Amino acid sequence: LMWERVHNLSETEWLSYTKNSDWLVRGLAKFIAQNTEASVVLGIVEYGPDVEATRRLVRELNLERYVMWLPIMPRKELLLLLSAADIGVGEFKTDPGMIWGGTGWEVLAAGRPLLQSFNFTEEKFMEQFGHPAPPVLDVKSADDIAKHLSEIYNDPGKGHGTGAACLDWFNRHNGIRLAKKWLSLLRKTDETMV
């Protein structure tokens, strides 16, 4: 959780620093206002410099009953929780060309839709990484989060389809297939050195 303004940074530095984590809470509030009958639980790990600021925001937006605060825990336990989730969340950095972090990779590998800022065009992603982009649910604002949550809530099949597409993308371009590609390259290099 990293979103509360750090005043010793310039505006430009701040835009590169913030993960805009508050968008998730604000987007949840908008989603609930639009879907009052929805039964939803947002699990938030108590991690980062803005845990207390996020707790205050949750209270201000009257979302306490929708939020489950989770302690910092081993990765394997987080992955178990992720396997039961409908959606996973990365971060909302706005720098052009900024890719997702470890959490994003875990969500993709778990076969869950990923709420994440996607700071590439399809063409630039292909040019930079050599394969198509994953089906990330692109987030540029709290409104985007509310929109994506509503779409998946109103069409659960879309959520399952997006999650399956995320897992397929991960398996095609990362994971074990990528490890095998690297192993093959290393073996070729080793053979030429002998």
- Which of (1) touching a strand residue (DSSP E or B) at 6+ places or on another chain (Cβ under 9 Å); (2) in contact (Cβ under 8 Å) with a residue 40 or more places away in the chain; (3) in a helix (DSSP H, G or I) is the odd one out, the single condition residue 115 does not satisfy? (3)
- Note on the structure: Filtering segment 86-138 down to residues that are closer than 24 Å to residue 28 by Cβ, open to solvent by 50 Å² or more (accessible area, probe 1.4 Å) and of a type in the set (Asp, Glu) yields 86, 138
- Residue list for segment 142-176, filter: surrounded by 15 or more Cβ atoms within 10 Å (Cβ to Cβ) and farther than 20 Å from residue 110 by Cβ: 142, 144, 146, 147, 150
- Message: Take residue 35 and tell me if it is at positive phi and either open to solvent by 90 Å² or more (accessible area, probe 1.4 Å) or not hydroxyl-bearing (Ser, Thr, Tyr) (or both).
- Response: no
- Residues located in segment 47-66, provided they are touching a residue at least 40 places away in the same chain (Cβ under 8 Å) and either farther than 19 Å from residue 5 by Cα or open to solvent by 60 Å² or more (accessible area, probe 1.4 Å) (or both): 47, 49
- Item | Every residue from segment 87-109 that is at pLDDT 95 or above and either β-branched (Val, Ile, Thr) or under 11 Å from residue 163 (Cα atoms) (or both) | 87, 88, 89, 107, 108
- Item | Qualifying residue in segment 56-79 (condition: of a type outside the set (Phe, Trp, Tyr), over 20 Å from residue 114 (Cβ atoms), part of a helix (DSSP H, G or I) and touching a strand residue (DSSP E or B) at 6+ places or on another chain (Cβ under 8 Å)) | yes
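The values are calculated or read from the model by the stated rules, or taken from the named source; none is laboratory data. Computed from a predicted model, the values in this text were never measured in an experiment. Please note: Cβ atoms are built from the backbone with ideal geometry, for glycine as well, and neighbour counts cover all protein chains shown. Accessible surface is based on the protein model in full, side chains and every heavy atom, while ligands, DNA and RNA are left aside. Shrake-Rupley method; radii C 1.70, N 1.55, O 1.52, S 1.80 Å.
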